[in-house]
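The block underneath contains the structure these notes are about, expressed in structure tokens.
The values are calculated or read from the model by the stated rules, or taken from the named source; none is laboratory data. Small disclaimer: the values here were computed from a predicted structure and weren't measured. Note: ideal-geometry Cβ built from the backbone for every residue, glycine included; neighbour counts use all protein chains shown.
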Amino acid sequence: MSVRNCRHSFASRPGDADGRIKPAEAPARRADDAGAFTARLTIDVTPVLRGCATVAAFRSGTTVADMRSAHPGRAFPCHWRVTMTDKQSSPPCTLPPSHRHSQPLTEVHLTWIEKKIEFWLRFGRPVEERILDRRRSIASFAPGSIFGFVRWVADDYGTVISRMDIVRTVAPGEPYQRLPFLRPGGELLLRADGWPKVERVHQAIDAIEALGINLADVAPEHWRHLHNRFAAGHAPRAYTCERHNAWLKRRSVT
């Protein structure tokens, strides 16, 4: 007669396996442990309110967190506060305070995503600015204004777009060109594609700024002159204070 082997096989489960497991002991909580009794409150903030707070913090030279903790009422006015049960849309953020213009404005759509999409103004005098969210805004210009619009886009392999446009806004009834990210458009005074040409435009702009001249008041003919000279590969003429004063006098009588 064969004798049955009572030993457990290699893959068999012991009968008292649950008894061999020791339950974990919960750590003792001290009464003075403040971290053990904390909770985190998350409040949804609309993009418009977040943009307004960012601009207000930038103007005061601090961060949004410091401004909110130091002056909560001043940082977020009563008509900007949004509760979790409020279903009404917050008022639009406009800098400076918006007012109705008797003449239509030219809108420039700006975007800033670090090292990816950077659409920004090199110079200009916008009469109105609307903050859409942390990365997008719209700058509005009155007819006859001149501004420099820089567009730069990159991907994982390097620069995709490097362009700078100097545009003059037009009045109703004047002819204009349709340009990307401009509504409705404007008169294109200078266009530079590619970083070598854009860099030369920046150098010419820096030379004018060194004279103490506001770039928005430079004669439109000079921007056209720069465009034609750069396109032909020639050195442009320098913009002097005498030429600028002559342009200002001519503009005052026309």
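Where strands (runs of 3 or more DSSP E) fall entirely within the stretch 81-167, those with at least 2 residues that are of a type in the set (Val, Ile, Thr) and modelled with pLDDT of 95 or more are at 106-113, 146-155.
Can we say Arg237 is touching a His at 6+ places or on another chain (Cβ under 8 Å) and more than 26 Å from Pro126 (Cβ to Cβ)? Yes. Considering each residue of the stretch 237-247 in turn, none proves to be of a type outside the set (Lys, Arg), touching a Phe, Trp or Tyr at 6+ places or on another chain (Cβ under 6 Å) and at pLDDT 95 or above.
When residues in the stretch 99-138 are screened for being among the basic types (Lys, Arg) and touching a Gly at 6+ places or on another chain (Cβ under 7 Å), 2 of them pass.
Does Ala210 fit the bill of being over 21 Å from the mean Cα position of the chain (by Cα) and either exposed (fewer than 13 other Cβ atoms within 10 Å of the Cβ) or in the same structural domain as Thr240 (by TED's automatic domain parsing) (or both)? Break it down stepwise before answering.
Working: over 21 Å from the mean Cα position of the chain (by Cα): yes; either exposed (fewer than 13 other Cβ atoms within 10 Å of the Cβ) or in the same structural domain as Thr240 (by TED's automatic domain parsing) (or both): yes.
Considered against the rule, which asks whether it is over 21 Å from the mean Cα position of the chain (by Cα) and either exposed (fewer than 13 other Cβ atoms within 10 Å of the Cβ) or in the same structural domain as Thr240 (by TED's automatic domain parsing) (or both), Ala210 comes out as yes.
Out of curiosity, is Glu242 in a helix (DSSP H, G or I) and either of a type in the set (Ser, Thr, Tyr) or exposed (fewer than 11 other Cβ atoms within 10 Å of the Cβ) (or both)?
Judged against the criteria, Glu242 is a match.
Taking the listed residues Val160, Val150, the one that is surrounded by 15 or more Cβ atoms within 10 Å (Cβ to Cβ) and either within 20 Å of the chain's Cα centre (by Cα) or among the aliphatic types (A, V, I, L, M) (or both) is Val150, with no other qualifying.
In the stretch 179-192, which residue that is more than 19 Å from Arg125 (Cβ to Cβ) and modelled with pLDDT of 95 or more is surrounded by the fewest Cβ atoms within 10 Å (Cβ to Cβ)? Once the filter is applied, the top-ranked residue is Arg191. For Ala216, are the conditions met, namely being under 27 Å from His109 (Cβ atoms), touching a residue at least 24 places away in the same chain (Cβ under 8 Å), touching a helix residue (DSSP H, G or I) at 6+ places or on another chain (Cβ under 8 Å) and surrounded by 13 or more Cβ atoms within 10 Å (Cβ to Cβ)? It is false that Ala216 is under 27 Å from His109 (Cβ atoms), touching a residue at least 24 places away in the same chain (Cβ under 8 Å), touching a helix residue (DSSP H, G or I) at 6+ places or on another chain (Cβ under 8 Å) and surrounded by 13 or more Cβ atoms within 10 Å (Cβ to Cβ).
Somewhere in the stretch 209-217, is a residue in contact with a strand residue (DSSP E or B) (Cβ under 7 Å, 6 or more places away or on another chain) and among the β-branched types (Val, Ile, Thr)? Write out each step before concluding.
Our first condition is that a residue be in contact with a strand residue (DSSP E or B) (Cβ under 7 Å, 6 or more places away or on another chain); within the stretch 209-217, this holds for 215-216.
Remaining after also requiring among the β-branched types (Val, Ile, Thr): none.
No - not one qualifying residue is present in the stretch 209-217.
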